[in-house]
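*Asks:* I'd like to ask some things about the structure below.
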Amino acid sequence: MSEQTIALVTGANKGIGYEIAAGLGALGWSVGVGARSEEQREAAVVRLRAAGADAFGVPLDVTDDASVAAAARLVEERAGRLDVLVNNAGITGGMPQEPTRVDPATARAAVETNVIGVIRVTNAMLPLLRRSASPRIVNMSSSVGSLTRQSDKDDPLKAGPISGAYAPSKTFLNAVTVQYAKELRDTNILINLGCPGYCATDLNGHRGVRTPEQGAAIAIRLATLPDDGPTGGFFEDDGVVPW
Ligand SMILES: NC(=O)c1ccc[n+]([C@@H]2O[C@H](COP(=O)([O-])OP(=O)(O)OC[C@H]3O[C@@H](n4cnc5c(N)ncnc54)[C@H](OP(=O)(O)O)[C@@H]3O)[C@@H](O)[C@H]2O)c1
């Protein structure tokens, strides 16, 4: 098996996921560009390769069992193992999101991609991650999923606008990640949550104030943790995000 570190980033065709792939590629890693659109996936792979990254395309819709199983087979055939999985793909589910008028389909869609999608991809990739000497899983969450920040009485909008779908889906993802860390605590797998900050991407109509590249930094940090690094934590650039 190759000595080169093998990573897979979901939703890597654009936004923060693309920049995570670029950052990991710049480390000399082989990076799987997980994306559901063939055209956008191949365009991203071409751009990453032009920048010197060893990138390869991985067809991947995180909501689709068959697609995820095929992605695991592709990574296995290409590399025989996986060292780093970055679960970055995410959606808001659509607007409006106030709990009193949110369409249940909106909430379901957010959970299906942001939580169930992460579980589906993680469990499909775990057999490959277990073959790595230093496996890392990074789940891209958001500080809008922090119940501490959401319930700050002095600043109710500190953790973003009122949301009955997207923000709670990230709280759910945080809770699930803590459970993974507990189950995997006696293994060498480190699994953590990252918040990229408010970045200008398609997700928010480019209203974010940080660049996608800045948002990628926390994921790259968590993807490159040393063996004695944390697991089951929630981090942003400035440190720990409160639950
Ligand atoms: N931007 C922010 O301010 C911000 C803040 C906190 C957290 N985050 C989180 O950071 C992550 C990346 O967000 P972003 O801002 O870069 O958003 P983005 O530009 O909208 O990119 C989202 C990515 O996820 C992919 N995706 C969505 N559903 C998918 C599915 N079913 N299967 C595979 N890929 C799927 C998208 O693919 P398509 O192009 O095919 O739709 C796209 O590649 C998300 O988890 C988001 O919640 C973002």
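Every read-out reported here was derived from the displayed coordinates using simple, explicitly stated rules and does not represent laboratory data. Small disclaimer: the values here were computed from a predicted structure and weren't measured. When we count neighbours, we look across all protein chains shown, and the Cβ atoms used for this are built from the backbone with ideal geometry, even at glycine.
*Asks:* Go through (1) part of a helix (DSSP H, G or I); (2) within 9 Å of the ligand (Cβ to nearest atom); (3) farther than 19 Å from PRO96 by Cα; (4) not hydrophobic (A, V, I, L, M, F, W, C) for PRO196 and report which single condition fails.
*Replies:* (1)
*Asks:* Now for a separate question. Hey, could you check the stretch 103-115 for residues that are touching a residue at least 24 places away in the same chain (Cβ under 8 Å) and more than 10 Å from the ligand (Cβ to nearest atom) and say which is surrounded by the fewest Cβ atoms within 10 Å (Cβ to Cβ)? So that I can check it myself, show each step before the final result.
*Replies:* Our first condition is that a residue be touching a residue at least 24 places away in the same chain (Cβ under 8 Å); within the stretch 103-115, this holds for 106-107, 109-115.
From the residues that got through so far, the ones that are more than 10 Å from the ligand (Cβ to nearest atom) too are 106-107, 111, 115.
On the way: THR106: 21, ALA107: 20, VAL111: 18, VAL115: 22.
Filtering first and then ranking leaves VAL111.
*Asks:* Look at THR113 and say whether it is among the polar types (S, T, N, Q), in contact with a Ser or Thr (Cβ under 8 Å, 6 or more places away or on another chain) and part of a loop (DSSP other than H, G, I, E, B). Even if it seems obvious, please write down each step before you answer.
*Replies:* Values: among the polar types (S, T, N, Q): yes; in contact with a Ser or Thr (Cβ under 8 Å, 6 or more places away or on another chain): yes; part of a loop (DSSP other than H, G, I, E, B): no.
So THR113 does not fit the description; no.
*Asks:* Another question, if that's okay. Of the residues in the stretch 7-50, how many are in contact with a strand residue (DSSP E or B) (Cβ under 7 Å, 6 or more places away or on another chain), buried (at least 24 other Cβ atoms within 10 Å of the Cβ) and in contact (Cβ under 8 Å) with a residue 40 or more places away in the chain?
*Replies:* The number of residues fulfilling the criteria is 12.
*Asks:* Still on this structure, please answer the following. In the set VAL209, VAL144, VAL176, VAL241, which member is surrounded by fewer than 20 Cβ atoms within 10 Å (Cβ to Cβ) and within 17 Å of the chain's Cα centre (by Cα)? Spell out the reasoning first.
*Replies:* Values: VAL209 fails: within 17 Å of the chain's Cα centre (by Cα); VAL144 fails: surrounded by fewer than 20 Cβ atoms within 10 Å (Cβ to Cβ); VAL241 fails: surrounded by fewer than 20 Cβ atoms within 10 Å (Cβ to Cβ).
Of VAL209, VAL144, VAL176, VAL241, the one residue that is surrounded by fewer than 20 Cβ atoms within 10 Å (Cβ to Cβ) and within 17 Å of the chain's Cα centre (by Cα) is VAL176.
*Asks:* Kindly state which strands (runs of 3 or more DSSP E) lie completely within the stretch 12-102 and contain at least 2 residues that are near the ligand (Cβ under 8 Å from one of its atoms). Reasoning before the result, please.
*Replies:* On the way: elements: 30-35, 54-59, 84-87.
By residue number, 30-35.
*Asks:* Next up: Given the criterion over 24 Å from LEU8 (Cα atoms) and of a type in the set (Ser, Thr, Tyr), identify the matching residue among SER143, SER132, SER151. It would help to see each step written out before you state the result.
*Replies:* Details: SER143 fails: over 24 Å from LEU8 (Cα atoms); SER132 fails: over 24 Å from LEU8 (Cα atoms).
SER151 is the lone residue from the list that is over 24 Å from LEU8 (Cα atoms) and of a type in the set (Ser, Thr, Tyr).
*Asks:* Of all residues being within 13 Å of the ligand (Cβ to nearest atom) and of a type outside the set (Gly, Ala, Ser) in the stretch 1-11, which is farthest from THR224 (Cα to Cα)? Just the residue, please.
*Replies:* So in the stretch 1-11, the residues within 13 Å of the ligand (Cβ to nearest atom) come out as 8-11.
When the remaining residues are screened for being of a type outside the set (Gly, Ala, Ser), the result is 8-10.
Working: LEU8: 13, VAL9: 14, THR10: 17 Å.
That would be THR10.
*Asks:* Another question, then. Would it be correct to say that ARG136 is closer than 19 Å to GLY208 by Cβ and either touching a strand residue (DSSP E or B) at 6+ places or on another chain (Cβ under 8 Å) or surrounded by fewer than 21 Cβ atoms within 10 Å (Cβ to Cβ) (or both)? Quick ask: steps written out before the conclusion?
*Replies:* Details: closer than 19 Å to GLY208 by Cβ: no; either touching a strand residue (DSSP E or B) at 6+ places or on another chain (Cβ under 8 Å) or surrounded by fewer than 21 Cβ atoms within 10 Å (Cβ to Cβ) (or both): yes.
Here the answer is no, as ARG136 does not meet what is asked.
*Asks:* Give me the residue from the stretch 199-220 that is of a type outside the set (A, V, I, L, M, F, W, C), assigned to a loop (DSSP other than H, G, I, E, B) and more than 8 Å from the ligand (Cβ to nearest atom) and, out of that set, nearest to VAL240 (Cα to Cα). Write out each step before concluding.
*Replies:* Here is the first cut: in the stretch 199-220, the ones of a type outside the set (A, V, I, L, M, F, W, C) are 201-202, 204-208, 210-215.
Retained after the next criterion (residues that are assigned to a loop (DSSP other than H, G, I, E, B)): 201, 205-208, 211.
Cutting the leftovers down to more than 8 Å from the ligand (Cβ to nearest atom) gives us 205-207, 211.
Numbers: GLY205: 27, HIS206: 26, ARG207: 24, THR211: 21 Å.
Within the stretch 199-220, the match that is nearest to VAL240 (Cα to Cα) is THR211.
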